[in-house]
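A.B. asks: Would you mind keeping the following structure in view while I ask a few things?
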Amino acid sequence: RQLMALAPIWDVWIEHQGEQLLCFALITTLAHAVLAPFCAQMPVVVAPSGWDLWLDPDTAGGALRSLLDSQPEELHIWPVDRRISNIRNDNPALLAPLKP
């Protein structure tokens, strides 16, 4: 139950009329062994030791590439209430593990 950071990229696209559109995407990688039975890919998780490097706009691409190759050592999953899929259900209790 620790914080984790995903590896997004973003850019500003300028339309013909001059309007700015912020664009955002998550970088994905092969799924962690814990998630592999459910999906083939997952967002890249940046280790806490790499957060400053990832967020620094002056970091060279090669240094960032090494952050994309890492996976969390531990990843835990548990079933949660299906109501979590509806944005109108804003309740932290929905994250509680369901009883088997």
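A.B. asks: In debye, nearest 20, what is the charge dipole magnitude of segment 19-89 about its Cα centre with +1 on Lys and Arg Cβ and -1 on Asp and Glu Cβ, if you could check?
C.D. replies: 460
A.B. asks: Oh, and also: Within segment 1-88, which trypsin sites (Lys or Arg not before Pro) sit in a loop by DSSP and count at most 10 neighbouring Cβ atoms inside 10 Å?
C.D. replies: R1, R88
A.B. asks: Rank these residues by their accessible area, most exposed first, probe 1.4 Å: I27, I84.
C.D. replies: Greatest to least solvent exposure: I84, I27.
A.B. asks: Give me the percent of accessible area attributable to carbon and sulfur for the chain, probe 1.4 angstrom.
C.D. replies: That share works out to 59 percent.
A.B. asks: Going from most exposed to least, what order do H16, H76 have by accessible area with a 1.4 Å probe?
C.D. replies: H16, H76
A.B. asks: Taking the chain, how much of its Cα-Cα pair set, in percent, is spaced more than 21 angstrom apart?
C.D. replies: Summing the P(r) tail past 21 Å for the chain gives 53 percent.
A.B. asks: By the scheme Lys and Arg +1, Asp and Glu -1, what is the net charge of all other residues having a beta-carbon under 12 Å from that of L98?
C.D. replies: For residues surrounding L98, the net value is +2.
A.B. asks: With the dipole of the chain worked out from charges on the C-beta (+1 for Lys and Arg, -1 for Asp and Glu) around the Cα centre, which of Q41, L6, W51 lies farthest toward the positive end?
C.D. replies: Q41
A.B. asks: How large is ³J(HN,Hα) for each residue in segment 19-32, as worked out from phi by the Karplus curve 6.51 cos²θ - 1.76 cosθ + 1.60 (θ = phi - 60°), to whole Hz, x for Gly and Pro?
C.D. replies: For segment 19-32, the Karplus-derived couplings read 5, 9, 10, 6, 10, 9, 8, 9, 7, 10, 8, 4, 5, 4 Hz, x marking Gly and Pro.
A.B. asks: Give the accessible surface of the chain per residue, rounded to a whole number of Å², with probe radius 1.4 Å and ligands, DNA and RNA excluded.
C.D. replies: In whole numbers, the chain has 85 Å² accessible per residue.
The values are calculated or read from the model by the stated rules, or taken from the named source; none is laboratory data. The structure displayed is predicted, hence computed values, not measured ones. Virtual Cβ from ideal backbone geometry, glycine too; neighbours counted across all protein chains shown. The protein model used for the area step is the full one, side chains on, heavy atoms only, and it has no ligands, DNA or RNA in it. Shrake-Rupley method; radii C 1.70, N 1.55, O 1.52, S 1.80 Å.
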